[in-house]
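Contents: one structure, followed by commentary.
The values are calculated or read from the model by the stated rules, or taken from the named source; none is laboratory data. Computed from a predicted structure; not experimentally measured. Note: ideal-geometry Cβ built from the backbone for every residue, glycine included; neighbour counts use all protein chains shown. Just the protein is used for accessible areas: all its heavy atoms, side chains included, with ligands, DNA and RNA removed. Shrake-Rupley method; radii C 1.70, N 1.55, O 1.52, S 1.80 Å.
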Amino acid sequence: MDTGRKAQVVVIPYPAQGHINPILAFAKSLASKGLLVAFVTTTSIAKSATFSDCASLTLHTVSDGSEHVDGTETVEAYFNRLRCKFSTNLADYIDSHMRGARAIIYDSVMPWVLDIAKDRGMVGACFFTHSCSFSAVVHHLGQGLLLRFPYEDDVAVVSLPALPRLEKRDLPSFPHLAPNLNLHYLVKHLTDQFSNLERVDWIFFNTFDKLETEILEWMRSRWAIATIGPTFLLHGQDKKQSISMFEPKADAYREWLESRGPNSVVYVSFGSIASLEKEQMAELGHALLATGHHFLWVVRSSELNKLPPDFANTTAGKGLIVEWCHQPEVLAHRAVECFVTHCGWNSTLEGLSHGVPLVAMAQWVDQTTNAKFVADEWGAGVRCGGGDGIVGREEIAMCIERVVGGDEIRRNALRWKELAAEAVGKGGSSDNNVEDFVSKILLG
Ligand code: UDP
C-alpha cells in the first residue's frame, strides 16, 4: 500500500487497547482538520483486532517480529522485540512508503521512535496516555532524588512538587504480573519516557488544563506540554471504538440498558488487561447482588471462568454480564448511575467526561494514583480498597451506596463533564492546542 506517501503525519500507537484508543481518537481529529494521517499498527494487532470506521486515515501494518515467536514470551523479551524488530521495520517502512511525511506522533512508552523521526528531519511528537500527575511521579522515580523504587518500607507520605501529599497506596504500584517479571525493568520502561524529552518537538498529554492545573504548570516549566484531551471527545467523536482487540458478543446490552430506568444501573469494568483473583470476583459479584441496583458487568472471556458457579443465571433480571461493550456509549446512557472502575486513565477520563460518579477499585501501575485523584482531588468518587489483598463484599457494597447516594459527588462529576466539554469545544484549551499543531504542520 503506498497511500502513505502523501501522509503529513505518521501515528504509531503502542499495541494495547488502552494505548490505541486515545491516540486513534487524536489521529481522527487531526484528519478531520485536514491532515493526511497514516496510522501504523503491528502485525500482532492487525491479526487480532477488528477495524472499522477508520476511513479518514490510511492504515498500515509493520511487522513486530511476532511471526517468529514460539509460545509465550517474557515481558522483557516482548519490550526488547518491539524496540529492535519493530523499530527497524518501522524505519524501513517509513523510508519506502512515507518519505514526505512531516511528523511522527508516537506513544511515549516507545521513546526510541524519536530517533527515527529525527534521523529523517521529521517533527517528533510524543503522546502520553497516562495522566500528567502520574507521569510526574514517574519522572521523580526516574530522577531517584525525591522518590526511589523499590519504595522504602517505612515510607508513609511522599511530598512531590505541585502534587498532593501521596501515601504509599497512592504511588504507582507494581504487583507481580507474571513469574520472573523484573519490576525494575518495568519501572525503567516507564521512566524512559522522560529519557529524551528535551529533543521532542511536541509533547501531548491526554488530559485537560482545568483537571490538572497545578502539576501542568510545574511540568510546563520544564517541558512544552500540549494538553489535547479527553481525546475521545475531540470533534464530537464518542462514536464506535474502531480498532478493537475485543468484540462485544452481541449488542444485547443496548436493549437491556434501554429497558432500565434513569440512574438505575451500576456499570462495572476493569478495562482490557487487569485480571482479578477468583476470590475478588466472588466478593464483587456478591456485593453487586447485595445492592438494590441493576448492574452491567464487563467480564472478558479470559476471566469468565472466575465467576462464582452459575452466577450469570443467579443474576438474571438484575444484572447482565457482557464480554465487552462500547464503554463511552454505555457511560453516556441515562440508565447508568455509577461506574465501578479499575481507574485506567481512559476509563477515568471517560467516566469524568460523562459526569458519572466513580467507585475507584485500582489494581496497579497508574490506577492507584488515579484513584487518589478521583476521590480526594476531584471529588468525583470514592476509593474502594487500595491496600493489599481482597476487597470484601461489604466494603464494595458500601462504596457503591456512598457514590450512588452522594449528591456532592454527583455534582462534582457533572462539573468535570462540563469542563471536559469546554476543553475540547471550540476555543477550549485542548482544541486550541490541536489547532496549533495542525496549522504548524500545514505550514511545514
Ligand atoms: N473499554 C471498552 N469496552 C469495555 C471495557 C473497556 O470499550 O468493555 C475501553 C474503554 O473505553 C477504554 C479502554 O477500553 O478506552 C481501557 O483503557 P483504560 O486506560 O481504562 O484501561 P486499560 O485497559 O489500559 O487497563
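Where the centroid of each part is defined by its Cα atoms, how far is region 393-430 from region 94-110 in Å?
Taking the Cα centre of region 94-110 as reference, the centre of region 393-430 is 37 Å away.
With a 10 Å cut-off between alpha carbons and a GNM built on the chain, which of A420, A103, A371 moves the most?
A103
Do the sum for the chain: with -39,500 (n - 2.57) for every DSSP H run of n ≥ 4, divided by all residues, what is the mean residue ellipticity at 222 nm, to the nearest 500 deg cm²/dmol?
-11000 deg cm²/dmol
Would you mind pulling out the separation of the Cα centroids of region 342-356 and region 152-170, in Å?
Cα centres, region 342-356 to region 152-170: 24 Å.
So what is the relative contact order for region 277-332, in percent, with contacts set as C-alpha pairs under 8 Å and at least six apart?
Reported as a whole number, the value is 42 percent.
Magnitude of the Cβ-charge dipole of the chain, K/R +1 and D/E -1, about the Cα centre, nearest 20 debye?
920 debye
Report the gain in length on full extension from R81 to E303: 0.36 nm times residue separation, minus Cα-Cα distance, nm rounded to one decimal.
77.2 nm
Given an 8 Å cut-off on Cα distances and at least 6 residues of separation, report the relative contact order of region 118-244 as a percent.
RCO, region 118-244: 31 percent.
Unpartnered cysteines of the chain (Cβ-Cβ under 4.7 Å counts as a partner)?
So, C54, C84, C126, C132, C325, C338, C343.
Counting only C-alpha contacts under 8 Å and six or more residues apart, can you give the relative contact order of the chain as a whole percent?
16 percent
Once the Cα atoms of helix 407-424 and of the chain are each reduced to a long axis, what angle between those two axes, in degrees from 0 to 90 to the nearest 10, is obtained?
Taking the Cα atoms of the chain, the angle to 407-424 is about 20 degrees.
Once fully extended, how much extra length lies between W256 and T88, figured as 0.36 nm per residue of separation less the alpha-carbon to alpha-carbon distance?
55.7 nm
Indicate, rounded to the nearest 5 percent, the antiparallel portion of the DSSP beta bridges found entirely in the chain.
10 percent
Just add up the charged neighbours of G406: K/R +1, D/E -1, any other residue whose Cβ is under 15 Å from the Cβ of G406.
Its environment carries a net charge of 0.
Against the longest alpha carbon principal axis of the chain, how many degrees, from 0 to 90 and to the nearest 10, is the axis of helix 278-290 turned?
Relative to the chain, helix 278-290 is tipped by roughly 60 degrees.
From the phi of every residue in region 327-338, what ³J(HN,Hα) in whole Hz does the Karplus formula 6.51 cos²θ - 1.76 cosθ + 1.60 yield, where θ is phi - 60° and glycine or proline is x?
Whole-Hz 3J(HN,Hα) from phi for region 327-338: 4, x, 5, 5, 5, 7, 6, 4, 6, 7, 10, 7.
Want the number for A312 to L442: 0.36 nm per residue separation, take away the alpha-carbon distance, what's left?
Stretched fully, the A312-L442 segment lengthens by 41.5 nm.
From the residues S159, S131, V424, which one has its Cα farthest along the dipole of the chain in the positive direction, the dipole being from +1 and -1 charges on Cβ of Lys/Arg and Asp/Glu about the Cα centre?
Value: V424.
Positive end of the dipole of the chain, charges at C-beta (+1 Lys, Arg; -1 Asp, Glu), about the Cα centre: which of F437, T369, G144 has its Cα farthest in that direction?
F437
Can you list residues whose amide H is under 5 Å from V11's amide H, if they're 5+ apart or on another chain and H is modeled 1.01 Å from N?
Close amide H contacts, sequence-distant or interchain: A38, F39, V40, I105.
Could you point to the residue in Y253, H293, S275 farthest towards the positive end of the chain's charge dipole, with +1 and -1 charges on the Cβ of Lys/Arg and Asp/Glu respectively?
Y253
Hey, in the GNM for the chain with a 10 angstrom Cα cutoff, which one of C54, C343, C126 fluctuates hardest?
Result for the chain, Cα springs under 10 Å: C54 fluctuates most.
From the protein chains alone at 1.4 Å, what is the descending order of accessible area for I400, I321, largest first?
Output order, biggest surface exposure first: I321, I400.
For region 199-216, just list the computed ³J(HN,Hα) in residue order, Karplus coefficients 6.51, -1.76 and 1.60, θ = phi - 60°, integers in Hz, with x standing in for Gly and Pro.
In residue order, the calculated couplings are 9, 7, 7, 10, 10, 9, 10, 7, 8, 9, 4, 6, 7, 10, 3, 5, 5, 5 Hz.
Using DSSP, restrict attention to beta bridges with both residues in region 118-232 and report what percent are antiparallel, rounded to the nearest 5.
20 percent
Modelling each spin label as a point 7 Å along the Cα-to-Cβ direction, I'd like the D388/A224 distance in nm, to one decimal.
The answer from the label model is 4.6 nm.
Taking 10 °C and 1.306 mPa s as the conditions, I'd like the Stokes-Einstein D for region 284-420 in µm²/s, using the Kirkwood hydrodynamic radius from alpha carbon pairs.
Taking Rh from Cα pairs, D becomes 105 µm²/s.
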